[in-house]
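*Asks:* Sharing a structure here in structure tokens format.
Only the coordinates and a few stated rules stand behind these numbers; no lab work does. For clarity, every value in this text was computed on a predicted model and none was experimentally measured. Heads up, the Cβs are rebuilt from the backbone with ideal geometry, glycines too, and the neighbour counts pull from every protein chain shown.
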Amino acid sequence: MAILYQAEGVKLPSIKKREISNWIKSVAASYEKKTGDIAFIFCTDEKILEVNNQYLQHDYYTDIITFDYSENNTISGDIFISLDTVKSNSEQFDTRYVEELHRIIIHGILHLCGIDDKGPGEREHMTECENQALKTLEDYKHA
């Protein structure tokens with residue numbers, strides 16, 4: 001079982017893969033989940049639009065698309081992240097790029113853990129879960 005980081009049409013972001021992978025495993029464990037095979041595919045806006053059109057029949061840009069292959073308590077999936085949108089979101093929300101990148105990475109993991117963000121009140125719950133997870137990442141950095 002592995003957590004993989006790939007880039008398609010962009011430069012792989014400079015993240016501390018081991019630290020991020022350990023953080024992901026810790027967050028998953030907090031939801032009583034184990035990590036299976038998870039692939040992060042960092043890409044452009046154009047690529048994520050193509051994926052959105054082809055697999056979801058959605059004709060719009062987005063920051064993340066999560067394909068969930070989880071079984072039982074083991075989370076697995078492919079997570080496409082548009083670095084173009086992460087960058088524009090960081091500017092829009094006045095956050096550091098790396099903070100926004102961490103938020104979107106864990107957003108995909110939270111989806112695999114069963115947290116949704118489309119229904120009433122779900123977006124706020126997702127944001128709370130993201131914030132809690134980001135706080136634990138800070139703990140990892142200062143340990």
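*Asks:* Just in the stretch 20-72: which GluC sites (Glu not before Pro) are loop by DSSP and have at most 13 other Cβ atoms within 10 Å? List each step's numbers first, then the result.
*Replies:* Working: sites: E32, E46, E50, E71; in loops: E32.
Within the stretch 20-72, the qualifying GluC sites (Glu not before Pro) (loop, at most 13 other Cβ atoms within 10 Å) are E32.
*Asks:* Given Cα positions, please report Rg to Rh for the stretch 37-136, the hydrodynamic radius being the Kirkwood one. Please report the intermediate quantities before stating the final value.
*Replies:* On the way: Rg = 13.3 Å, Rh = 14.0 Å.
Radius of gyration over Kirkwood radius for the stretch 37-136 works out to 0.95.
*Asks:* By how many nm would the segment from Q57 to N73 lengthen if fully extended, with 0.36 nm per residue of separation less the alpha-carbon distance?
*Replies:* 2.9 nm is the gain from fully extending Q57 to N73.
*Asks:* Further, regarding this structure: Would you calculate the separation in nanometres between label points at E128 and D116, each defined as 7 Å from the Cα along the Cα-to-beta-carbon direction?
*Replies:* Computed distance between label sites E128 and D116 equals 1.7 nm.
*Asks:* Let me check against my output: what whole-number percent is the relative contact order of the chain, with C-alpha pairs under 8 Å and at least 6 apart? Each step should come with its number before you reach the end.
*Replies:* Values: 214 pairs, mean separation 30.3, N = 143.
Computed value for the chain: 21 percent relative contact order.
*Asks:* Among DSSP beta bridges lying fully in the stretch 3-142, give the percent that are antiparallel, nearest 5.
*Replies:* Numbers: 6 of 20 bridges.
The antiparallel proportion sits near 30 percent.
*Asks:* Connecting C-alpha atoms closer than 10 Å in a GNM of the chain, tell me which of G36, G114, G77 has the biggest fluctuation.
*Replies:* Evaluated over the chain, the most mobile residue of the options is G114.
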